[in-house]
Each structure stands twice: as structure tokens, then as C-alpha cells.
Amino acid sequence: MKKLFSVLTAIVLSIQMIPVISLNTAAESDTPPKKLFTVSPSELTMTEGETCKLSVTVDPEYADEATVYLYPSNSKTLVSADGTVTAYRCGEESIYVSVRFPGDGDTAFVQDQSVKIHIQPDETLPAETREELDRLQNHSPYCEFQRRTLELLGILDADAPRITAEQVDEILHSDLSLPEMIAEINAIHGYPDFIWRGDPGDCSYWLDEKGNDILTITGETWFFHTKLYDDGTIKGTSALYPPDLDFETVTGPTDGASRTYIIYNQIPYDNINPVQGDANHDGVFNMADIVALKKILLTVPNSRFINWNWETADYNQDGILNAVDLSLMKRELLCK
């Protein structure tokens, strides 16, 4: 199912995904330490659906204790725990490789390097597959229908299992940590159906094929369960985790319509108006928008919302995006 482009490895360390943050050498010295690791290849060209494996070789003196992290910058690739990179969207991508070297206090330091990847379209895809891919991928500059894209490219089986509400409930009532909960959900479901690009902690898992029954995770912290009617109108949303999280959502044919559902299912809808407070532009005002606006205000790398119709996040409509808007949004959602 997958095409594998294998790169010979010397020492491949255990690789983990981490949130998109900037990591630089942290030692307090005017002269940075010598480069203690190499990445191979340092640049490559891939095709949609193609898979390759990056090799990280660390100086033998540190090989047993250093920790290696990889993460994509533009959400055009998937990076697995063993360093496997899968291309699934055309364009330019950079895989950041960061290695943390051991030490006590200020003697610990981090070195990093980027791998440039040029992703080309798969010209062998059937015309109808390409048409659907283009429709899904071009609908928005800020999010991805990830699972369906991977199905169309043959990376994921079309009949791959979906997580059930019962399984979600069991995971959220277990003794697992938050990262372990998300890992367990991914182990069952495979990949999120929908992700917000630039925000790896914001994603949705559809418990059915059309997206009427949705598990949403925001900021890798809050879990919500949303149900929709067949026209895309929100039937209701409930907070699942943490246990003390409580909020209400607006429902109705205008304020409560899910733009994501409508686009995916190609439902005619003439009244998709901007929703005040909808900072992530998914058509609904909810807790995910508070996370999105906070990232905008903190200028997190790759948080692109501010460059795309940012006025919806200007909650008090004073022409300025600031902490006042964030405070008003929180009060609206949490203090009803």
C-alpha cells in the first residue's frame, strides 16, 4: 500500500513527536558546541503518498543519552516514532530535527537542524481521485481533512476502523496521562479526520463516516463530543474531559452550522456567515476558538489564523486583537 524509499541508517534513536516550538542551543556560552549529530538525507524530493526514513546519527559519546525529536513545520507530512516521513500534501516542507544532549542544569543543551522536502503531485492518480483531493485540500488555508486525504492516497485503508464512543469513554476514564490518552485514540482510529494546520493539538475524530458524531480535542487538553443533524446544524456539544470542564454551545441553522461538515459532504448552504468569536474559522464559536486566539496572541510559530480573516476573533469589534477579546470569549463560553 505504501511506497517506501529507505535510507540506510547508522544509529537511529528513538524519535518522538513534540508540539511545534523553536528549539535552539541552550548552553550559556559565546561559542556553541560543535555539531554532535547528522541527519541523512538533509534534503529530498518526494511524491504524494511516498514514504522515506530519516537517519539521525549522534556522536558516540552522547548516543546513549541524547534525545531526538522530529516535527514537521507545514503539516504536509506525517512523522512517525521511528523517523518515517510520509508526504501527503504538495508543496514545501521542513522537518525540524532537534537533539537534546544531557547535562546538569546549564550544561544541558539542544542542537537542531532542518530537512527540506519538496513534495510533488502523484501524476498516476485517477482523475476522480485527484479532483476530490484538490477539493478537500483547497477548501481552506488553515485546516486539513487528513484521514480522507490519506485514504485517497492509499496511505490508509478506506475500511480502517474508527474509534467508538464507548472506547473514548473507556480511555477518558482510565489512569492514562493526557498524551497517553491521545496516543491510544490514534492507535485505534489511525489519524484524525480533521486537523487545524499549525496547531497539532487541535483535531477531530469522526465516529461515523460523514462526521455527524465527532470527538474534538483542543490544545491537547480539552475533549468535546458534538453531534450534528444531516444538514450540518449542531444538535449539541458536551464537554468530556477534564471532568470539571463545563460550557454551552450555540445551536441553530446559522450560528450553529458546521462549515467543515457542509464542505466535506457538499451540502448546499447559502447562509454560511462569519460567526463572531470563530477564531479558527470552523464555523462554530466554542472552546477551540479560545485556544486559537491564545496562540495568535502568543505568536506561536505557524499559527496562521491572524493572516486569514482575523476580524472574527475581534470579539468586541474594536479593530484590535488583544487579551480583552480573549477574556470576553472565555466569559461568554465558561460563565453562562
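Throughout, read-outs are computed from the coordinates displayed, never taken from laboratory work. These numbers were taken from a predicted model, which means no experiment stands behind them. Methodologically, a virtual Cβ is constructed for each residue, glycine included, from the backbone with ideal geometry; neighbour enumeration extends over all protein chains shown.
Ranked from highest to lowest mean number of other Cβ atoms within 10 Å per residue, what is the order of the peptides 83-89, 236-242?
Numbers: 83-89: 21.9, 236-242: 16.3.
Sorting 83-89, 236-242 by mean packing, highest first, produces 83-89, 236-242.
Based on other C-beta atoms within 10 Å, arrange 155, 320 from fewest to most.
Values: 155 22, 320 9.
Ranked by crowding around the Cβ, least crowded first: 320, 155.
Going by how many other beta carbons lie within 10 Å of each one, how would you line up 173, 118, fewest first?
Placing the least packed residue first, the sequence is 173, 118.
Quick one: grab the alpha carbon gyration tensor of the stretch 88-207, order the square roots of its eigenvalues as a ≥ b ≥ c, and give me rounded if a/c is under 1.5, else prolate or oblate depending on whether a/b is larger than b/c.
Details: a/c = 2.60, a/b = 1.19, b/c = 2.19.
The shape class here is oblate.
Compute the label zone of residue 34 within the stretch 43-66: residues whose backbone N is under 16 Å from the point 7 Å along Cα-to-Cβ.
58-63
Of the listed pairs 35/116; 76/210; 34/294; 76/330; 235/330, which have alpha-carbon separations greater than 27 Å here? Working shown, then result.
Numbers: 35/116 19 Å; 76/210 24 Å; 34/294 37 Å; 76/330 32 Å; 235/330 22 Å.
Flagged as over cut-off: 34/294; 76/330.
Taking θ = phi - 60°, what integer Hz values does the Karplus form 6.51 cos²θ - 1.76 cosθ + 1.60 yield along the stretch 74-88, in sequence order, with x for Gly and Pro?
Computed from phi, the couplings for the stretch 74-88 are 10, 6, 9, 9, 10, 10, 8, 5, 9, x, 6, 10, 10, 8, 9 Hz.
Given a Förster distance of 25 angstrom, what is the FRET efficiency for residue 130 paired with residue 188, based on the Cβ-Cβ distance and rounded to 0.05? Walk me through the numbers before you get to the answer.
Values: r = 30 Å, r/R0 = 1.20.
E between residue 130 and residue 188, to the nearest 0.05, is 0.25.
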